[in-house]
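Visitor: Take this structure, written in structure tokens, and hold onto it; I'll ask about it next.
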Amino acid sequence: MILLYHLIFPDDTPACNWNAGKIIRLSAFRRQLRWLKKRFAFLSLEEYLQVWKETKSQKKRYAVLTFDDGYARTFALTAPVLQEEKVPATFFANTRNLDGKHLLWFVYFNALCSEQVYPRVKINGLTIPLDTEKNSLFAWRMLIRLARASTDARAFAEEYAQKYPLPEKTREKYAGLTSKQLAEIGGSPLFSLGGHTHSHPYLDQISFSEQTKEMSLNKNVLESLSGKPVPFFAYPGGVYNKDSIDAVHQVGFRAALAVSPKFLSSDLMDEIPRTDVYSPAIWKLQLKTLGVVRFFRKGRM
Ligand SMILES: [Zn+2]
């Protein structure tokens, strides 16, 4: 089982914040990690894929930790915990957001809707207040849906970023990994980097050659800043098509991770499934990792 996390927040993060799900604070993450450690043996992604290739099945007793989007703050918070618990992790990082230069397009919307910089936002002529969690979530869902429908989510977000710029202090919370952190990951026996494209586009909305460019630029930058090869890739947002699989091969990745495989390839290594974790609740993690049957069996005991 390969687990997929995104943002981990500091413990003092207020409840009104969220990120495409419930906030996972550092203490909740630590609890989940300890719970997982009692039930699974953690392997690095490299080791796990080796086991999978040799046995042609996913070994149920193994777990792998992956984080997507390469947030500087998530790495800074989790790295000491992972080192203490001796748990390896792979960080699938974008590169447009490195060193806090830009926010990724959907990350900008996360921050706009949850950080309460603006009391309301105007979307398609409709004014939506950002005062409650429910309203913020409504605005966020609408923005993400419209971004996807626009067929150029990055340009769509850029228009909003011009109208509703975010202060430095807010942007810092969502900034991408720093060059220093990339070098630290490169020098660590426990951590590794994975490719996740330069700017996190919807891969199925861009041409094969654009997909190849997004992947190779990202791979080259990550390899040169970390000093290590980056052999694995994760499809941004779990979205991909047949061209994406061809691009992954062309760019030289050895395997690609999805969330839910679409079975577009006959090779298991092109569409490796992952279990995404969006809640701090242990019972939900239990459902996702052990399955419903075992959950209820355990519940009766
Ligand atoms: Zn992503």
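Visitor: Can you confirm whether residue 161 is in a helix (DSSP H, G or I), outside the structural domain of residue 48 (by TED's automatic domain parsing), exposed (fewer than 14 other Cβ atoms within 10 Å of the Cβ) and at pLDDT 95 or above? Working first, answer last.
Guide: Working: in a helix (DSSP H, G or I): yes; outside the structural domain of residue 48 (by TED's automatic domain parsing): yes; exposed (fewer than 14 other Cβ atoms within 10 Å of the Cβ): no; at pLDDT 95 or above: yes.
It is false that residue 161 is in a helix (DSSP H, G or I), outside the structural domain of residue 48 (by TED's automatic domain parsing), exposed (fewer than 14 other Cβ atoms within 10 Å of the Cβ) and at pLDDT 95 or above.
Visitor: Within the group 199, 114, which residue is under 23 Å from the mean Cα position of the chain (by Cα) and surrounded by 20 or more Cβ atoms within 10 Å (Cβ to Cβ)? Talk me through it step by step, then tell me what you get.
Guide: Working: 199 fails: surrounded by 20 or more Cβ atoms within 10 Å (Cβ to Cβ).
Within the list 199, 114, the selection yields 114.
Visitor: Here is a follow-up. Among the residues of region 179-211, write down those that are of a type outside the set (A, V, I, L, M), within 16 Å of the ligand (Cβ to nearest atom) and in a strand (DSSP E or B). Step through it out loud before you land on a result.
Guide: Quick first cut of region 179-211, residues of a type outside the set (A, V, I, L, M) only: 179-181, 184, 186-189, 191-192, 194-202, 204-205, 207-211.
If we keep only those that are within 16 Å of the ligand (Cβ to nearest atom) too, we end up with 194-202, 204-205, 211.
Once the filter is applied, which keeps residues that are of a type outside the set (A, V, I, L, M), within 16 Å of the ligand (Cβ to nearest atom) and in a strand (DSSP E or B), region 179-211 yields 194, 195.
Visitor: Does at least one position in region 260-275 carry a residue that is under 30 Å from residue 30 (Cβ atoms), surrounded by 19 or more Cβ atoms within 10 Å (Cβ to Cβ) and within 16 Å of the ligand (Cβ to nearest atom)?
Guide: Here is the first cut: in region 260-275, the residues under 30 Å from residue 30 (Cβ atoms) are 260, 272-275.
This time we only want the ones that are surrounded by 19 or more Cβ atoms within 10 Å (Cβ to Cβ), so: 272, 274.
Retained after the next criterion (residues that are within 16 Å of the ligand (Cβ to nearest atom)): 272, 274.
Yes - at least one qualifying residue is present in region 260-275.
Here's the yes/no breakdown for (1) surrounded by fewer than 16 Cβ atoms within 10 Å (Cβ to Cβ); (2) outside the structural domain of residue 96 (by TED's automatic domain parsing); (3) hydroxyl-bearing (Ser, Thr, Tyr); (4) part of a helix (DSSP H, G or I):
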residue	(1), (2), (3), (4)
128	no, yes, no, no
131	yes, yes, no, no
139	no, yes, no, yes
143	no, yes, no, yes
147	no, yes, no, yes
156	no, yes, no, yes
165	yes, yes, no, no
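Visitor: On to the next question. Can you find a residue that is under 30 Å from residue 34 (Cβ atoms), in a loop (DSSP other than H, G, I, E, B), touching a residue at least 40 places away in the same chain (Cβ under 8 Å) and not acidic (Asp, Glu) anywhere in region 253-267?
Guide: Scanning region 253-267 turns up at least one residue that is under 30 Å from residue 34 (Cβ atoms), in a loop (DSSP other than H, G, I, E, B), touching a residue at least 40 places away in the same chain (Cβ under 8 Å) and not acidic (Asp, Glu).
Visitor: Please indicate, with yes or no, whether at least one residue in region 230-240 is more than 18 Å from the chain's Cα centre (by Cα) and surrounded by fewer than 19 Cβ atoms within 10 Å (Cβ to Cβ).
Guide: If we filter region 230-240 for residues that are more than 18 Å from the chain's Cα centre (by Cα), which is where we start, we get none.
Within region 230-240, none of the residues are more than 18 Å from the chain's Cα centre (by Cα) and surrounded by fewer than 19 Cβ atoms within 10 Å (Cβ to Cβ).
Visitor: Right, another one. Got a number for residues in region 212-246 being within 15 Å of the ligand (Cβ to nearest atom), outside any loop (DSSP other than H, G, I, E, B) and more than 20 Å from residue 46 (Cβ to Cβ)? It would help to see each step written out before you state the result.
Guide: Here is the first cut: in region 212-246, the ones within 15 Å of the ligand (Cβ to nearest atom) are 214-215, 218, 222, 232-240, 244.
This time we only want the ones that are outside any loop (DSSP other than H, G, I, E, B), so: 214-215, 218, 222, 232-234, 236-238, 244.
Those left that are additionally more than 20 Å from residue 46 (Cβ to Cβ): 214, 236-238, 244.
Total meeting the criteria: 5.
Visitor: Tell me, please, whether a residue that is away from the ligand (no atom under 16 Å from the Cβ), among the polar types (S, T, N, Q) and without any contact (Cβ under 8 Å) to a residue 60 or more places away in the chain can be found in region 115-130. Give the derivation first.
Guide: If we filter region 115-130 for residues that are away from the ligand (no atom under 16 Å from the Cβ), which is where we start, we get 115-130.
When the remaining residues are screened for being among the polar types (S, T, N, Q), the result is 116, 124, 127.
Still in the running and without any contact (Cβ under 8 Å) to a residue 60 or more places away in the chain: 124, 127.
Within region 115-130 (the criterion being away from the ligand (no atom under 16 Å from the Cβ), among the polar types (S, T, N, Q) and without any contact (Cβ under 8 Å) to a residue 60 or more places away in the chain), the answer is yes, since at least one residue qualifies.
Visitor: For region 211-237, name all the residues that are free of Cβ contacts under 8 Å to residues at least 24 places away in the same chain and farther than 15 Å from residue 95 by Cβ.
Guide: 229, the sole residue that qualifies.
The values are calculated or read from the model by the stated rules, or taken from the named source; none is laboratory data. Note that the structure is a prediction, hence the values are computed from the model and not measured. Cβ sites come from the backbone with ideal geometry, for glycine too, and all protein chains shown count toward neighbours.
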